[in-house]
Amino acid sequence: MPLSTGPYALEGSITLRTSRDGLAAQAGHDLTIHIARWSGELVIGADFAPVSLDARVELDSLVVRAGTGGIKPLTDRDRREILGTARKVLSTDRHPVATFTADGFSPTADGGTIEGALTLAGQSRPLRLEVRQIGPDRYLATTTVRQTSFGIKPYSGFLGALKVSDDVAVEAEVGLTPLSG
C-alpha cells in the first residue's frame, strides 16, 4: 500500500548488537540490547516522497536482552553491571538522548537509503541507514555506529584484554502509523 501525504509515527523496536574483541574475548559476551523508549516521525510530501524523518532515543532505557558466548551464562547481576557501565561509557548523565535527523532520501522499490546526522554523546556525525520493506508499512533499517567517531571509548576490562568492539550494529524494525492533525 503506497503511503499518503502527511506525518507518520514510527513504532517498533530498536536493537543494538555489540561484539567482543581482545585476547580474553572468550570471557565476555556478545550482547543484544533493546531500546525501550524511543520515538520518531516521518513526513511524506505532496509528491509521495519522504520529506523529513526525526527520531529520539532515551539512552537510559537500554535493556540487555541476551548475551551469547562467554565462559558462563549472563546473569541478572551481569545485566545490571553492563547497563551501569553503558551509562558511564555513553555519559547519559550529560547526554541522556540520542537523535537522528534525516537530510536525504534515496527510495527504491523495496526500501532505499536514508542519509542524516546522528547526535550521540554530545557529538553529531553523518549516518546512513539501509532500509528495506519487510511488510505492508513495515520497514527494517540497519546501520553500524562506530563509538570512537562520537568520542566514546569502548568498554575494556582485564587490563584491555577484553574489549567491546568499536562498531555497534543497529537494527530498527518499524511500522508507520498515520498521525491525524
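Remarks
- Positive-end residue, the chain charge dipole about Cα centroid, Cβ charges, pick of HIS29, SER4, PRO136: HIS29
- Helix-derived mean residue ellipticity, 222 nm - over the chain, DSSP H n ≥ 4, -39500 (n - 2.57), to 500: -2500 deg cm²/dmol
- Think of each Lys and Arg Cβ as +1 and each Asp and Glu Cβ as -1; about the Cα centre, that makes the dipole of segment 6-178 roughly 800 debye.
- Between ASP103 and THR5, the contour length at 0.36 nm per residue exceeds the alpha carbon distance by 33.5 nm.
- The tail of the calculated P(r) for the chain, taken as Cα-Cα distances beyond 21 Å, holds 51 percent of the pairs.
- Max mean-square fluctuation residue, GNM over the chain, Cα-Cα springs under 10 Å, options ILE33, ILE71, ILE44: ILE71
- Each other residue within a Cβ distance under 13 Å of TYR8 adds +1 if Lys or Arg and -1 if Asp or Glu, for a net charge of -3.
- The mean sequence separation of alpha-carbon pairs under 8 Å and at least six residues apart, normalised by the residue count of segment 6-178, gives a relative contact order of 26 percent.
- P(r) of segment 9-94 over all Cα-Cα pairs, binned every 10 Å from zero, in whole percent: 15, 38, 25, 14, 7, 1
- Of every Cα-Cα pair in segment 78-181, the percent that sits beyond 21 Å: 47
- The length gained by stretching the chain between THR68 and THR177 to full extension, at 0.36 nm per residue less their Cα-Cα distance, is 35.8 nm.
- Note on the chain: GNM, Cα springs under 10 Å; of THR85, THR119, THR15, the largest mean-square fluctuation is that of THR85.
- Pairwise label distance in nanometres, ARG77 with SER156, each label 7 Å out on the Cα-Cβ vector: 2.7
- Prolate/oblate/rounded call for segment 65-132, Cα gyration tensor, a/c under 1.5 rounded: oblate
We did not get these values from a lab; they are worked out from the coordinates using the rules stated. Small disclaimer: the values here were computed from a predicted structure and weren't measured. Positions of Cβ are backbone-derived with ideal geometry, glycine not excepted, and every protein chain shown enters the neighbour counts.
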